[in-house]
Amino acid sequence: MRTAYLAADGFMPQLAEELRRGGIRVTSTHDRLLIAEGDAIASAWAANIWHDAQEVAITSIGEAAQRLRAVQRNWAMYAPVHHRRAALIQARLPHVSARPLVFPGALPAAALGSWTLLAPDRLLHAARCSAACPNGEITFAEDRSGPPSRAYLKLWEAFTRLGARPGPGSRCLDLGATPGGWTWVMARLGADVIAVDKAPLDAAVAAMPGVTWRGESAFALDPAAFGPVDWLCSDVICYPARLLKLVQRWLAAGNVRHFVCTLKFQGGTDHDTAAAFAAIPGSRLFHAHNNKHELTWARLT
């Protein structure tokens, strides 16, 4: 059994360290693809995990395409090298749409395998992968006029990955809200949003129906004073360890149904705190395509 872990562009060191901490010994690398023996482990820094990866010898472009078609229909190419040859193979496979997703919507439901050329005559492929989009890259048809910043794409991606989102009547908290990209997302979905930040919201976001701004620190809030909250969302800038303490206070209060928070690493990657978030029961921790040096933590009840 072999598993291959694909790092997002620029984040292979984080993935390699996460695998080392998880007891995984990487036997070879292929650009951003780390190949290891054994079953997969949960990995926040992997954009895509290739389960039961198979390596086969090939003698021609036609044979490579034939081998892949014999396994299943849909395949995504990863071609950091031998790109011209790989493109000729992919051209002989059924077309897989790469159109940006329209939010709110669902991820593609069809199984999508991944493959690469380790050498001109060696094919590595996996029919079962963790990502629903090619190489784990979730892209959207963007709104270039409504939101006040591009941070909205992170929350679109989180809700899409989770298959859940606020709706009309949902009571939401947006911590560290300014300028209001996440508040804009939730208000557009019909939610009532309390946006908390010492700095004021973008004027257009502040004027949206259902939006209330509170000019205070997210860390000074008393969870017990809020009553039931359907979604607590935080893109606040702070060290992950401080965010963990904030989340633990809200978890202890027991009045939040769903969480979506961004862990922003400043300087080095705080793997210990990331692991503490992952250990919270019911958690999901992932590096979104629209994240930078960040992880998204979510918990649904």
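Restricting the stretch 3-23 to residues that are buried (at least 19 other Cβ atoms within 10 Å of the Cβ) and within 28 Å of Val56 (Cβ to Cβ), the residue that is modelled with the lowest pLDDT is Ala8. Taking the stretch 284-301 as the range and being among the polar types (S, T, N, Q) and either farther than 16 Å from Cys233 by Cα or part of a loop (DSSP other than H, G, I, E, B) (or both) as the test, the residues that pass are Asn290, Asn291, Thr301. If you go through the stretch 129-149 and keep only what is in contact with a Gly (Cβ under 7 Å, 6 or more places away or on another chain) and either among the basic types (Lys, Arg) or closer than 19 Å to Ala98 by Cα (or both), you end up with just Cys129. If you go through the stretch 239-252 and keep only what is open to solvent by less than 10 Å² (accessible area, probe 1.4 Å), out of contact with any Leu (no Cβ under 7 Å at 6 or more places or on another chain) and under 20 Å from Lys154 (Cα atoms), you end up with just Val247. Condition first: of a type outside the set (A, V, I, L, M, F, W, C) and open to solvent by 50 Å² or more (accessible area, probe 1.4 Å). Now tell me which residues in the stretch 271-301 satisfy that. Correct list: Asp272, Pro281, Gly282, Arg284, His289, Lys292, Arg299, Thr301. Applying the criterion of being touching a Leu at 6+ places or on another chain (Cβ under 7 Å) and part of a helix (DSSP H, G or I) to the residues of the stretch 29-66, the residue that is most open to solvent (accessible area, probe 1.4 Å) is Ile61. Selection over the stretch 126-150 of residues that are under 17 Å from Leu33 (Cβ atoms) and assigned to a loop (DSSP other than H, G, I, E, B) gives a count of 5.
Condition check for Asp143 on (1) surrounded by 13 or more Cβ atoms within 10 Å (Cβ to Cβ); (2) touching a residue at least 12 places away in the same chain (Cβ under 8 Å): one failure, at (2).
Every residue, every condition in (1) without any contact (Cβ under 8 Å) to a residue 40 or more places away in the chain; (2) within 25 Å of Ala109 (Cα to Cα), yes or no:
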| site | (1), (2) |
| --- | --- |
| Thr59 | no, no |
| Gln66 | yes, yes |
| Gln72 | no, yes |
| Trp75 | no, yes |
| Tyr78 | no, yes |
| Arg85 | yes, no |
| Ala91 | yes, yes |
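Does the stretch 152-162 contain any residue that is assigned to a loop (DSSP other than H, G, I, E, B) and either more than 30 Å from His95 (Cβ to Cβ) or touching a residue at least 24 places away in the same chain (Cβ under 8 Å) (or both)? No - not one qualifying residue is present in the stretch 152-162.
Remark: pairs (first residue in the stretch 174-195, more than 13 Å from Ala151 (Cα to Cα); second residue in a helix (DSSP H, G or I) and open to solvent by less than 10 Å² (accessible area, probe 1.4 Å); Cβ separation under 8 Å; 6+ apart in sequence or on different chains) = Leu175/Ala218; Leu175/Leu246; Ala187/Val205; Val193/Thr183; Val193/Met186; Ala195/Thr183; Ala195/Val205.
The values are calculated or read from the model by the stated rules, or taken from the named source; none is laboratory data. Just so it is clear, the structure is predicted and the values come from calculations on it, not from any experiment. Every residue, glycine as well, gets a Cβ built from its backbone with ideal geometry; the counts of neighbours run over all protein chains shown. The area values use the complete protein model at the heavy-atom level, side chains included, leaving out ligands, DNA and RNA. Shrake-Rupley method; radii C 1.70, N 1.55, O 1.52, S 1.80 Å.
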